[in-house]
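What follows is one structure encoded as structure tokens, with my remarks underneath.
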Amino acid sequence: MSSATRQMLCLFLILLAPLGQAASEAVLWLHGPNDGQPSQALALETDVDIQISGLLAHATVSQRFYNDSGDWAEGRYVFPLPDDSAVESLVVRVGERLIEGEIQPRGQARDTYQQARREGRVAGLVEQERANVFTTSVANIPPGEEVEIRIGFRPRVDFEHGRFALRFPTTIAPRFVPGQALPSGLGADEPGGGWSPDTDRVPDASRITPPVQHPDAPDHNPLRLQVSLLAGMELAALESSFHAIRRDFDGERWLVELDEPPQAARRDFELTWRLAGQDRIRSTAFRQNLGGSEHVLLMVLPPEQLRTSRTPRELILIIDTSGSMRGEPMTQARESLLFALDSLGPGDRFNVIEFNHITRSLFDTPVAASNRHIGQARRFVEALRAGGGTVMGPSLAQAMQPPVVEGFLRQIVFVTDGIIANEQEVLDQVRRDVGHSRLFTVGIGHGVNSQFLRDGARFGRGSYTFIGDTGQIHGRMSELITQLTSPVLQDIEIHWPAEVEVVPERLPDLYAGQPLLVTARADRLAGEVTVSGRQEGRAWQTSIPVDAFQVSSGVAAYWGRAALQQMLDQPTTPAEREALRPAVEALAVEYQLLSPYTSLVAVDRTPARSRQVALRRHDVPTNLPAGRSLDGFFSGTRALPSTDGGSERSLLRGLLALLLVGLLLGHKRICRDEDEATAKEEQA
């Protein structure tokens with residue numbers, strides 16, 4: 001090989017090396033003010049404090065940014081919160097100074113933050129990217145100093161099948177991003193530091209794809225968590241699903257803490273508890289007066305002992321076999337489907353559909369649940385393996401669009417981690433096409449996109465089930481099968497003693513073990529609230545005196561969040577969503593809540609950084625959820641993010657690869673020409 005050829009080959013290999021590394025690992029790039037060279041990230045720790053009283057809870061997340069970079073820094077961190085959280089407060093601590101945040105329209109809040117950033121003042125900004133995904137930005141952290149961001153919110157407490165549960169997600173899994181990369185300036189109004197470019201189908205992709213810490217890297221973002229639980233009654237059980245905990249009782253409250261050293265936040269935290277003598281629980285209600293209005297939260301449980309006639313079912317089982325399901329999630333998904341197959345009875349029909357970037361069904365149409373067909377299905381499911389992108393639409397269309405066969409109740413069980421970035425696109429499809437079908441979603445593994453799956457089940461008039469590990473499959477799937485086979489109450493109505501604004505406006509049917517949760521706002525309430533419905537054709541009714549409602553803080557925030565969500569559910573096109581912005585902003589500002597159109601901003605009034613000193617931005621990485629394989633997200637040429645789209649980096653890598661191939665082919669010809677010339681010289 002000639003000297004010039006060797007030099008060119010080395011140059012191309014050097015150019016390709018960092019691109020190949022970025023493809024095989026989720027690399028964190030920290031860009032400097034001018035040189036664009038990478039630098040170390042800010043260290044981050046997270047403390048979570050949760051106070052629970054009955055069905056209501058308040059939590060504070062404290063995130064500490066340590067600036068060990070030697071430069072004035074700006075940190076940006078993408079983080080999850082529990083589903084349907086009402087985010088309502090922000091406090092920034094700089095040394096001994098505490099700076100209170102306020103809710104502003106999103107554009108105004110960002111302008112406030114950017115102005116403070118330019119002027120060298122410490123500032124914090126919290127923005128909602130999805131209903132359960134948020135970003136924190138903090139500007140002008142001095143070298144060698146610490147800034148703490150405290151976010152206050154009200155998480156949901158679930159109650160189903162006699163079990164209370166609170167789940168706190170700790171990390172965000174890399175999401176599948178479909179679509180073509182958008183030119184610079186046509187995506188998010190404020191691009192993020194994510195590994196994905198903005199695309200035509202996910203125009204804010206750069207804001208929800210934070211850098212991912214490699215699993216082999218030292219522990220990052222250690223989590224400390226404690227829960228104070230006021231149950232109001234004696235407990236029959238208090239358990240943590242995925243963490244070792246310490247439990248202490250002071251005669252009134254239970255204090256729960258993690259019984260393990262602080263470690264990387266990779267596993268979701270789930271606390272469950274059962275009340276002793278739960279057969280006495282039939283309904284409960286809370287109230288709060290705020291701004292001259294009465295706000296109430298009502299939970300009604302259906303009868304427990306029922307005799308229901310069995311309606312023949314058409315059960316469509318859909319399983320996600322994309323790359324993000326590789327590892328433990330795929331095992332859990334297969335076992336869940338096998339459990340569901342065992343629930344089929346004589347007279348039922350069924351089918352099994354798998355999807356990744358392609359969709360494949362076991363049968364062309366649903367078939368009778370015979371032993372032979374179920375045996376085929378079991379072998380089909382047991383042979384499934386994970387790999388490829390996450391394209392959900394075709395599988396849901398195949399399940400929802402054909403007309404329901406007369407005399408059958410179609411139930412679609414959708415087993416997935418839901419880790420996609422185009423959630424709204426899929427939810428619009430469910431709302432448009434679900435028809436008379438019922439959609440039941442099953443979230444698999446840690447880092448699951450549970451808000452999306454809850455919303456899908458809500459639009460599909462079904463329910464959501466979360467399975468975090470294989471030990472939960474039997475219990476949680478048994479509860480789901482009970483719901484599938486035991487519809488309880490239909491045609492539910494609530495009769496209020498005054499004019500109210502109620503959420504939800506359209507009440508769902510109830511299944512065994514599933515409560516009815518309703519929130520309302522009125523000028524004044526007195527008398528009784530009556531709930532009625534139809535059970536097997538017979539009337540059912542219960543009443544709750546308003547005087548018996550418990551006074552509790554957080555009820556108004558619960559109503560505000562639910563009312564915001566109901567408002568955001570209405571539009572089906574981008575134009576309709578934009579037209580709704582003023583009403584959403586007004587309601588969010590009234591109740592001081594975060595929303596897609598409002599943000600929390602806090603600014604220190606004292607400048608700290610001189611304008612002459614450069615500010616370095618740091619995009620803090622997230623951890624890969626426990627049990628998930630990095631190869632499932634970033635394999636080879638980063639298959640998941642670019643399966644249905646691509647990026648400028650992918651394009652550059654491809655062009656360089658083509659040039660390298662051409663160079664190598666040219667080198668062979670050069671070598672051949674040199675050999676022929678040498679041979680002629682020797683002959684001469």
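The values are calculated or read from the model by the stated rules, or taken from the named source; none is laboratory data. Predicted model only: the values in this text are computed from it and were never measured. With ideal geometry, Cβ positions are generated from the backbone for all residues, glycine too; neighbour counts draw on all protein chains shown.
Overview of values
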read-out	value
Any hit, segment 562-583, residues being under 30 Å from Val94 (Cα atoms) and over 21 Å from the mean Cα position of the chain (by Cα)	no
Flag for Phe269 being crowded, with 19+ Cβ neighbours inside 10 Å and either modelled with pLDDT of 95 or more or of a type outside the set (Asp, Glu) (or both)	yes
The one condition in (1) surrounded by fewer than 19 Cβ atoms within 10 Å (Cβ to Cβ); (2) assigned to a helix (DSSP H, G or I); (3) not small (Gly, Ala, Ser) that Tyr113 fails to fulfil	(1)
Criterion: in contact with an Asp or Glu (Cβ under 7 Å, 6 or more places away or on another chain) and at pLDDT 95 or above - qualifying residue of Ala369, Ala377	Ala369
Gly460 vs. criteria modelled with pLDDT of 90 or more, surrounded by 15 or more Cβ atoms within 10 Å (Cβ to Cβ) and under 30 Å from Arg130 (Cβ atoms)	yes
Subset of segment 396-415 (residues that are in contact with a Pro (Cβ under 9 Å, 6 or more places away or on another chain) and either under 20 Å from Asp569 (Cα atoms) or not basic (Lys, Arg) (or both))	Pro402, Val405, Gly407, Phe408, Leu409
In segment 146-160, residue farthest from the chain's Cα centre (by Cα) [restricted to those that are within 16 Å of Arg76 (Cα to Cα) and among the charged types (D, E, K, R)]	Glu146
Selection status of Arg385, basic (Lys, Arg) and not in a loop (DSSP other than H, G, I, E, B)	no
Residue in segment 63-85 that is modelled with pLDDT under 85, of a type outside the set (A, V, I, L, M, F, W, C), farther than 30 Å from Ala231 by Cα and assigned to a helix (DSSP H, G or I) present	no
Test: residue in segment 366-378 that is in the same structural domain as Thr441 (by TED's automatic domain parsing), over 15 Å from Arg410 (Cβ atoms), in contact with a Lys or Arg (Cβ under 8 Å, 6 or more places away or on another chain) and surrounded by 15 or more Cβ atoms within 10 Å (Cβ to Cβ)	no
Options Ser293, Ser343: the member that is among the small types (Gly, Ala, Ser) and within 19 Å of Arg438 (Cα to Cα)	Ser343
Only listed residue being within 30 Å of Asp455 (Cβ to Cβ), of a type in the set (S, T, N, Q) and free of Cβ contacts under 8 Å to residues at least 24 places away in the same chain, chosen from Gln128, Gln51, Gln104, Gln108	Gln108
From Gly471, Gly447, Gly435, residue being small (Gly, Ala, Ser), closer than 30 Å to Arg201 by Cβ and surrounded by fewer than 22 Cβ atoms within 10 Å (Cβ to Cβ)	Gly435
Number of the exception - Phe339 against (1) modelled with pLDDT of 95 or more; (2) outside any loop (DSSP other than H, G, I, E, B); (3) among the aromatic types (Phe, Trp, Tyr)	(1)
Cβ pairs under 9 Å, 6+ apart, first in segment 569-582 and surrounded by fewer than 14 Cβ atoms within 10 Å (Cβ to Cβ), second modelled with pLDDT of 90 or more	Gln570/Leu580; Thr572/Asp428; Thr572/Arg431; Thr572/Arg432; Thr573/Asp428; Pro582/Tyr597
Glu148 vs. criteria touching a helix residue (DSSP H, G or I) at 6+ places or on another chain (Cβ under 8 Å), closer than 29 Å to Asn449 by Cα and outside any loop (DSSP other than H, G, I, E, B)	no
Pair list, Cβ under 7 Å, 6 or more apart: segment 193-212 residue β-branched (Val, Ile, Thr), other residue part of a helix (DSSP H, G or I) and crowded, with 24+ Cβ neighbours inside 10 Å	Thr199/Ala205
Meets criteria (within 19 Å of Gln483 (Cα to Cα) and among the small types (Gly, Ala, Ser)) for Gly447	no
Condition check for Pro174: farther than 28 Å from Gln592 by Cβ and more than 21 Å from the chain's Cα centre (by Cα)	no
Residue match in segment 169-189 (condition: in a strand (DSSP E or B) and either within 30 Å of Arg274 (Cβ to Cβ) or of a type in the set (S, T, N, Q) (or both))	no
Cβ pairs under 9 Å, 6+ apart, first in segment 384-408 and over 21 Å from Asp428 (Cβ atoms), second modelled with pLDDT under 90 and in a helix (DSSP H, G or I)	Ala386/Gly632; Gly387/Gly632; Gly387/Ala639; Gly388/Ala639; Gly388/Leu640
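Listed here are the residues, each with its yes/no results for (1) in the same structural domain as Gly327 (by TED's automatic domain parsing); (2) in a loop (DSSP other than H, G, I, E, B); (3) surrounded by fewer than 18 Cβ atoms within 10 Å (Cβ to Cβ).
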site	(1), (2), (3)
Gly389	yes, yes, no
Ala397	yes, no, yes
Pro402	yes, yes, yes
Gly407	yes, yes, yes
Gln411	yes, no, no
Val415	yes, no, no
Gly418	yes, yes, no
Asp428	yes, no, yes
